[in-house]
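Heads up: the structure comes next, in structure tokens.
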Amino acid sequence: MNSDSGRPPVPLWLLASPFGLSFVALMFKSPIARKAMFLPIVGAVIRITAIGLSPGDYATACALALQVFKMCDFLVLTDAHLELRLVGQTAPSAGSLPLFERAKWVMRLLASPRLIGWTSEPKNGSIPPRPTETSRIRFAIKQIMYLALHLLTVNILGITLRLSPGFSQHGPGLAGSGWGRRSVDALQYYGVVWTWLTISHRVWVLMLLSTGRWMPSDFPPMFASLGNAYTLRRFWGQTHQQMLRRATTSHGSFVSDKLLRLPRHGRLSRCIQLYVAFFISGAVHHWGDYMIMPLNGPGLRASGSMQFFLLQAVAIHCEDIMISAGRRMGWSFDLKPTWRRTASRIVGCVYVWQWFTWCLPIGMDPLVRFGMIENGVQVQIIQEACKFFGKGCHFST
């Protein structure tokens, strides 16, 4: 991929190497060999970091950084062959499977970052309900229709984002906009994130469906209903996509359970796990930020990702304290009659929205200055349609 930051392009084989090495590492029967394979994976990502990526490749940069933490979990912190099991798996461990069956086991593990269909699948409602469709063909057709709709949506949002001065590389940034504009920009940006992640998920679903080994019930939606995001904990723990969940929670559990040896369900243990989880999230995005920085850029201090994600942990911690105190005084979101419960949840959703309106510039403004929005992937269905029909439409690109 070519870089707009003054760095040479990263060879395609090097970009693919962390993922290929991950597959090879999980194929080894020996735990020692699996742990040793973590080093070349880290080395490959560090090499890519030294070369750098373009601002438009920010999603790829974050995916590479995330792969390091995922493999730290699967190869170092966890004995994946013994501790991770498919639902219905009869073999005592993945290492006891024949070579071809073990390869399928590894592929299923790498293909499901939320561990859907595994005994370790989250059971606390963080995964949205599974589809009830039983026909692969009908389900695939629905995915294609939704995919077309999402592409049109991201096209419209791309136009509106580029018309907003807050997302201009040489503009005032989100922090320099008025609160009303900033609130709208926060909604627009989340809409873009939601749509792009949903597009990538639907493409991935279609690819896996084509193998004939997965059923529609194996693919719950990427995001849960926004109506449930009436607290920050619910937004991050249930509504938002869960692709980082395993990588973040495993590191938190390792710190609290094995390093500090805290009581597993104690208050301090939950607090430690909360902060470690958001530290890992911040590290993934902070590393991604650095990959797209110009060669002679200001360095890691220019990134706001770590500060943004640690702020989420602090806010959730404070929120938990306030909700706990409110419940002791008899206050609850589960109010009766229904209209009171609905009204309280609407107020909660507005509070979450305004929280992100305040803190989003901390993480986003440095990325805007690096040109992530203006140099990002563009969908131009509307623009091309206007050219085709000769209406003389002109949209910001």
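Below is a table of values for the structure above.
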{"item": "Candidate set from the stretch 250-309 (those that are without any contact (Cβ under 8 Å) to a residue 40 or more places away in the chain, touching a Leu at 6+ places or on another chain (Cβ under 8 Å) and over 30 Å from residue 53 (Cα atoms)); member that is surrounded by the fewest Cβ atoms within 10 Å (Cβ to Cβ)", "result": "268"}
{"item": "3 or more residues of a type in the set (A, V, I, L, M): qualifying helices (runs of 4 or more DSSP H) within the stretch 25-101", "result": "31-36, 38-51, 58-71"}
{"item": "Filtered residues of the stretch 102-119 (kept if assigned to a loop (DSSP other than H, G, I, E, B), among the hydrophobic types (A, V, I, L, M, F, W, C) and either modelled with pLDDT of 90 or more or farther than 21 Å from residue 201 by Cβ (or both))", "result": "none"}
{"item": "Sole residue being closer than 23 Å to residue 222 by Cβ and free of Cβ contacts under 8 Å to residues at least 40 places away in the same chain, chosen from 121, 133", "result": "121"}
{"item": "Those residues of the stretch 131-151 which are within 23 Å of the chain's Cα centre (by Cα), hydroxyl-bearing (Ser, Thr, Tyr) and not in a helix (DSSP H, G or I), in sequence order", "result": "none"}
{"item": "Near pairs, Cβ below 7 angstrom, 6+ apart or cross-chain, from the stretch 91-102 (over 16 Å from residue 24 (Cα atoms) and in contact (Cβ under 8 Å) with a residue 12 or more places away in the chain) to any residue that is in a helix (DSSP H, G or I) and of a type outside the set (Ser, Thr, Tyr)", "result": "93/81; 93/82"}
{"item": "Selection within the stretch 325-383 - aromatic (Phe, Trp, Tyr) and within 30 Å of residue 172 (Cα to Cα)", "result": "351, 353, 355, 356, 358, 370"}
{"item": "Residue identified as over 22 Å from residue 149 (Cβ atoms), surrounded by fewer than 18 Cβ atoms within 10 Å (Cβ to Cβ) and at pLDDT 80 or above among 348, 326, 371, 392", "result": "326"}
{"item": "Count - residues of the stretch 152-190 that are free of Cβ contacts under 8 Å to residues at least 60 places away in the same chain and not in a helix (DSSP H, G or I)", "result": "5"}
{"item": "Out of 224, 247, sole residue that is part of a helix (DSSP H, G or I), within 30 Å of residue 354 (Cβ to Cβ) and of a type in the set (A, V, I, L, M)", "result": "247"}
{"item": "Pairs where the first residue, in the stretch 31-60, is among the polar types (S, T, N, Q) and modelled with pLDDT under 90 and the second is assigned to a helix (DSSP H, G or I) and surrounded by 23 or more Cβ atoms within 10 Å (Cβ to Cβ), C-beta under 8 Å, 6+ apart", "result": "54/292"}
{"item": "Any hit, the stretch 260-279, residues being touching a Phe, Trp or Tyr at 6+ places or on another chain (Cβ under 8 Å), assigned to a helix (DSSP H, G or I) and at pLDDT 90 or above", "result": "yes"}
{"item": "Filter result for the condition that a residue is more than 18 Å from residue 361 (Cα to Cα) and either at pLDDT below 90 or loosely packed, with under 15 Cβ neighbours inside 10 Å (or both), over 163, 187, 149", "result": "149"}
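The values are calculated or read from the model by the stated rules, or taken from the named source; none is laboratory data. This one's a predicted model, so the numbers in the text were calculated from it and none came from an experiment. All Cβ positions, glycine included, derive from the backbone under ideal geometry; neighbour counts span all protein chains shown.
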